[in-house]
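*Asks:* What follows is a single structure, and I will ask about it in a moment.
The values are calculated or read from the model by the stated rules, or taken from the named source; none is laboratory data. Predicted model, so just to flag it, every value in this text is computed and none were measured. Methodologically, a virtual Cβ is constructed for each residue, glycine included, from the backbone with ideal geometry; neighbour enumeration extends over all protein chains shown. Accessible surface areas use protein heavy atoms only, side chains included; no ligands, DNA or RNA. Shrake-Rupley method; radii C 1.70, N 1.55, O 1.52, S 1.80 Å.
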Amino acid sequence: MKADIIFKTSRRITIELLDQGIVKTEPYEILLNGSVYGQSEKVVQSIGSLLPDTEYTLELRRGGECSQPIVFRTEKEFVTLNVRDFGAKGDGSQDDTPFIQA
């Protein structure tokens, strides 16, 4: 099983499985730094919730078949703001709209 990274930002990558069909393939596991990130059957799959400027090792596994490890680094992020610093609570009861807009 072979894959390429076709898009990369500071917090997300998109991978494409090579020679696996057009849209869907047999289910496979996605491993990041040796831990299971999730499972997919998509030929083109996005992987999110990554940290900026961080090195990762990506592997794909299906049954006994495993891809070659792909080592990549996410892009640097120029500005990161935490809306909690502006008063947002994120607790589901407070309306955080004005804090997010601030």
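*Asks:* Suppose accessible area is computed on protein heavy atoms with a 1.4 Å probe; arrange I5, I47, I22 from highest to lowest.
*Replies:* Largest accessible area first, the list is I22, I5, I47.
*Asks:* Another question about this same structure. Counting C-alpha atoms alone, how compact is the stretch 38-102: give Rg to one decimal and Dmax as a whole number, in angstrom.
*Replies:* Just the Cα atoms of the stretch 38-102 yield Rg and Dmax of 18.0, 51 Å.
*Asks:* Which sequence of Y37, Y56 reflects their accessible areas, 1.4 Å probe, from the largest down?
*Replies:* Order by accessible area, largest first: Y37, Y56.
*Asks:* Another one. Quick one: order K8, K2 from most to least accessible surface, probe 1.4 Å.
*Replies:* K2, K8
*Asks:* Further, regarding this structure: Heads up, I need the accessible area for T9: 1.4 angstrom probe, whole protein in place, Å², nearest 10.
*Replies:* Number for this one is 50 Å².
*Asks:* Given 37 °C and 0.692 mPa s, compute D for the stretch 23-65 with the Stokes-Einstein relation, Rh being the Kirkwood radius over Cα pairs; round to the nearest whole µm²/s.
*Replies:* Stokes-Einstein gives a translational diffusion coefficient of 292 µm²/s.
*Asks:* When the chain is treated as a GNM, springs tying every alpha-carbon pair under 10 Å, which of V44, V83, V71 comes out with the largest mean-square fluctuation?
*Replies:* V83
*Asks:* Using only protein heavy atoms and a 1.4 Å probe, report how much of S35 is accessible, in Å² to the nearest 10.
*Replies:* Around 70 Å² of this residue is reachable by solvent.
*Asks:* For the chain, what's the relative contact order in percent, using C-alpha pairs closer than 8 Å and at least 6 residues apart?
*Replies:* Here the relative contact order equals 24 percent.
*Asks:* Please give the solvent-accessible surface of R12 in Å², to the nearest 10, using a probe radius of 1.4 Å with every protein chain present.
*Replies:* 110 Å²
*Asks:* Using the Cα centre as the reference, give the magnitude of the dipole from point charges on the C-beta atoms of the chain (Lys, Arg: +1; Asp, Glu: -1; all else neutral), rounded to the nearest 20 debye.
*Replies:* 80 debye
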